[in-house]
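J.: Mind looking over this structure? Questions follow.
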Amino acid sequence: MEADSSYNFTTGGSNITRDVVDLGTAENYVVLAKSEVSNNPTSAFTGDLGLSPAAESYFTGFSQTAATGYSTSSQVTGRMYAADMAAPTSSNLTAAVSDMETAYNDAAGRITPDFVNFADGDIGGETLMPGLYTWDSSVQISSDVIISGNDSDVWVFQISDDLTTSNAVRVNLTDGAQAENIFWQVAGAVTIGTTAHVEGFILSKTGVTLKTGASVHGRILVQTAAIFDSNVVIEPMD
């Protein structure tokens, strides 16, 4: 080589085949929250939005149009559902929220991690191979990160505190890795920085905030509130 080069790779791991986290009926929603979905227009959501046990009034910033059992918005390619809408919406949402919580507990409860406190919690610049990762602290994505694996590989990230991305960073997929096989289980708050991009399903216990212009290719499933500001959120295609 004519010039020095440096690369960061994840090493270690195991031969254990990891299963995806079963989302149950929560998989019917690109965003599912319990207390609030707040949006500073204009955002673009591809997929259905769900809110329960909170009422439709806790969808803000969408200027929705009412229909029987759901509402629509020019910012949503899909439907918006809330707990106070006509049957069977309420019961469907109750089941979906229960499935969301079950999925969170599944992801959080998995044992025998392949990587423990990897990169001391700052995974920016790293290449992440398939497996179960666990951190007993917050996780920061300070620069672009690569998730590398084939289309059947699974990544589960167990984070016991917050997950924060810096502005303008990207989570990139290579070698066939699929967003629907990536699970960010976060006990603390999730904050995705201005114009940053994240791939995968976010399972948050505390709250999710997307800063201005941030985007997610995956799902946002949060046990409190989801806060948006001119964002793009797109569910993976089957």
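J.: Please report 204, 91 as a ranked list, fewest other C-beta atoms within 10 angstrom at the top and most at the bottom. Please report the intermediate quantities before stating the final value.
T.: Numbers: 204 27, 91 11.
Going from least to most buried by this count: 91, 204.
J.: Given the chain, what percent of its DSSP beta bridges are antiparallel, to the nearest 5? Don't jump to the answer; show the numbers that get you there.
T.: On the way: 4 of 71 bridges.
If we restrict to bridges inside the chain, about 5 percent are antiparallel.
J.: Quick one: what are the phi-derived ³J(HN,Hα) couplings along the range 94-107, Karplus 6.51/-1.76/1.60 with θ = phi - 60°, whole Hz, x for glycine and proline?
T.: 4, 5, 5, 5, 4, 5, 4, 5, 5, 5, 4, 5, 4, 4
J.: Can you order the peptides 181-193, 164-176 by their average number of other Cβ atoms within 10 Å per residue, highest first? Walk me through the numbers before you get to the answer.
T.: Values: 181-193: 23.4, 164-176: 16.8.
Ranked by mean Cβ neighbours within 10 Å, highest first: 181-193, 164-176.
J.: For residue 76, list long-range residues whose amide hydrogen, built 1.01 Å from N in the peptide plane, is under 5 Å from its own amide hydrogen.
T.: Placed amide hydrogens put 45 under 5 Å from residue 76.
J.: Same structure again: What ranking of 34, 205 emerges when the number of other C-beta atoms within 10 Å of each C-beta is taken as an exposure proxy, fewest first? If you can, show how the numbers build up before the last one.
T.: Values: 34 22, 205 17.
By the 10 Å Cβ count, ascending, the order reads 205, 34.
J.: Something else now. Between the alpha-carbon centers of the range 15-41 and the range 164-238, tell me the distance in whole angstrom.
T.: Answer, in whole Å: 10.
J.: Here's something else I'd like to know. Beyond 21 Å, what share of the Cα-Cα pairs of the range 24-234 remains, rounded to the nearest whole percent?
T.: 49 percent
J.: What is the set of long-range amide H partners of residue 18 at a cut-off below 5 Å, with H atoms built 1.01 Å from backbone N?
T.: Distant-sequence amide H within range of residue 18: 154.
J.: Sticking with this structure for a sec: Spin-label point model (7 Å from Cα, Cβ direction): what's the residue 68 to residue 16 distance in nm?
T.: 5.0 nm
J.: What's the FRET efficiency of residue 122 with residue 152 using the Cβ-Cβ distance as r and R₀ = 30 Å, to the nearest 0.05? All intermediate terms of the calculation are to be shown ahead of the outcome.
T.: On the way: r = 28 Å, r/R0 = 0.95.
Between residue 122 and residue 152 the formula returns 0.60.
J.: Over the chain, what is the mean sequence separation of C-alpha contacts under 8 Å (at least six apart), divided by residue count, expressed as relative contact order in percent? All intermediate terms of the calculation are to be shown ahead of the outcome.
T.: Details: 682 pairs, mean separation 46.1, N = 238.
In percent, rounded to a whole number, it is 19.
J.: Could you calculate the contour length gain from residue 224 to residue 84, that is, 0.36 nm times the residue separation minus the distance between their Cα atoms, to one decimal place in nm? Could you put the intermediate results ahead of the total?
T.: Values: separation 140, 0.36 × 140 = 50.40 nm, distance 1.73 nm.
Full extension of this stretch gives 48.7 nm more.
J.: So, one more: Charges at C-beta only: +1 for Lys and Arg, -1 for Asp and Glu. How large is the resulting dipole of the range 24-234 about its Cα centre, in Debye rounded to 20?
T.: Numbers: 7 positive and 22 negative charges, 114 e Å.
Approximately 540 debye in magnitude.
J.: Taking 0.36 nm per intervening residue step and subtracting the Cα-Cα distance, what contour gain separates residue 137 from residue 91 on full extension? Display every interim value, and only then the final one.
T.: Details: separation 46, 0.36 × 46 = 16.56 nm, distance 3.62 nm.
Contour length minus Cα-Cα distance gives 12.9 nm.
J.: Using a cut-off of 10 Å between beta-carbons, work out the net charge of the residues near residue 226 (Lys and Arg +1, Asp and Glu -1, residue 226 not included). Intermediate results must be reported in sequence, preceding the final value.
T.: Values: positive: 34; negative: 36.
It works out to a net charge of 0.
No lab work stands behind these numbers, since they all come straight from the coordinates. A quick note: this is a predicted structure, and the numbers were derived from the prediction, not measured. As a convention, Cβ positions derive from the backbone with ideal geometry for all residues, glycine included, and neighbour counts pool all protein chains shown.
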